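Asks: Quick one: this structure, given as structure tokens, is what I'll be asking you about.
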Amino acid sequence: VQLQASGGGLVQAGDSLRLACTASGSTFSRYTVGWFRRAPGKEHEFVSSIRYSSTTYYADSVKGRFTISRDNAKNTVYLQMNSLKPEDTAVYYCAASGTLVLSEIRRKDGYNYWGQGTLVTVSS
């Protein structure tokens, strides 16, 4: 599976962005897809994920502001980010796994495939 993340950019606090993660491969609908982010000088942080069943998970820091969804016909997972804050500034990566178990859902090492990242910058 190859993943392509897109949609990042420079926005002001309070604005919205929608990230997209587009995948190759016909079995994409069976994969769990997650979003992680890495701010300068920090480790990767779990943001959100969506299972093949469309069950969703969120980090507490984004709950209520971000929404993850998937369109299997387009092999794409979206991350709608509303009410952006300066602390959301990071490179956002999408990742996928066909074998991930529930206990791994928020762990970087649970995902086998990674996209190249897209930069989100939120100015105050």
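The values are calculated or read from the model by the stated rules, or taken from the named source; none is laboratory data. Being a predicted model, the structure only gives us computed values, none of them experimental. Using ideal geometry, Cβ is built from the backbone for each residue, glycine included, and neighbour counts are taken over all protein chains shown. The area values use the complete protein model at the heavy-atom level, side chains included, leaving out ligands, DNA and RNA. Shrake-Rupley method; radii C 1.70, N 1.55, O 1.52, S 1.80 Å.
Asks: Could you please tell me the mean projected area of the C-alpha convex hull for the stretch 1-55, averaged over all directions and given in square nanometres to one decimal?
Replies: 5.0 nm²
Asks: What translational D, rounded to a whole number of µm²/s, comes out for the stretch 22-78 from Stokes-Einstein when the hydrodynamic radius is the Kirkwood one over Cα pairs, at 20 °C and 1.002 mPa s? Before the final figure, lay out each step's value.
Replies: Values: Rh = 12.1 Å.
In µm²/s, the coefficient rounds to 177.
Asks: Can you check what the net charge comes to around Asn72, using other residues whose Cβ is under 15 Å from the Cβ of Asn72 (Lys, Arg +1; Asp, Glu -1)? Could the numbers behind the result be given before it?
Replies: Numbers: positive: Arg30, Arg51, Arg70, Lys74; negative: Asp71.
Surrounding charge for Asn72 is +3.
Asks: Further question: Can you work out ³J(HN,Hα) from phi for every residue in the stretch 6-16, in order, using Karplus 6.51 cos²θ - 1.76 cosθ + 1.60 and θ = phi - 60°, giving whole Hz and x for Gly and Pro?
Replies: Ordered by residue, 3J(HN,Hα) equals 8, x, x, x, 9, 9, 9, 3, x, 7, 10 Hz.
Asks: Quick check for you: with a 1.4 Å probe and neighbouring chains kept, what is the accessible area per residue of the chain, in Å²?
Replies: Numbers: 6250 Å² over 124 residues.
Result: 50 Å² of accessible area for each residue.
Asks: Same structure, new question: Taking Lys63 as the anchor, which aspartates and glutamates have their alpha carbon closer than 18 Å to its alpha carbon, excluding any fewer than eight residues away along the same chain?
Replies: Correct list for Lys63: Asp15, Glu45, Glu87, Asp88.
Asks: Which net charge results when you count Lys and Arg as +1 and Asp and Glu as -1 among the other residues whose beta-carbon is under 14 Å from that of Ala20? Don't skip to the answer; put the middle values down first.
Replies: On the way: positive: Arg18, Arg70, Lys74; negative: Asp71.
Once all neighbours under 14 Å are counted, the net charge is +2.
Asks: How do the peptides 43-51, 109-117 rank, highest first, by the average count of neighbouring beta carbon atoms within 10 Å per residue?
Replies: Values: 43-51: 19.8, 109-117: 16.2.
Packing order, densest peptide first, comes out as 43-51, 109-117.
Asks: For the chain, which whole percent of the accessible surface, found with a 1.4 angstrom probe, sits on carbon and sulfur atoms? Before the final figure, lay out each step's value.
Replies: Details: 2860 of 6250 Å².
That fraction is 46 percent.
Asks: Same structure, new question: What are the ³J(HN,Hα) couplings of the stretch 68-74, residue after residue, when phi is run through the Karplus curve with 6.51, -1.76, 1.60 and θ = phi - 60°? Round to Hz, x for glycine and proline.
Replies: 3J(HN,Hα) across the stretch 68-74, in whole Hz: 9, 8, 9, 10, 5, 5, 9.
Asks: Dividing the Cα convex hull volume of the stretch 52-100 by residue count, how many Å³ per residue is that?
Replies: Details: hull volume 5.0 nm³, N = 49.
Cα convex hull per residue, to the nearest whole number: 101 Å³.
Asks: From largest to smallest, what semi-axes in whole angstrom does the chain give when each is the square root of 5 times an eigenvalue of its alpha carbon gyration tensor?
Replies: Working: eigenvalues 101, 42, 34 Å².
Whole-Å semi-axes of the equivalent ellipsoid: 22, 14, 13.
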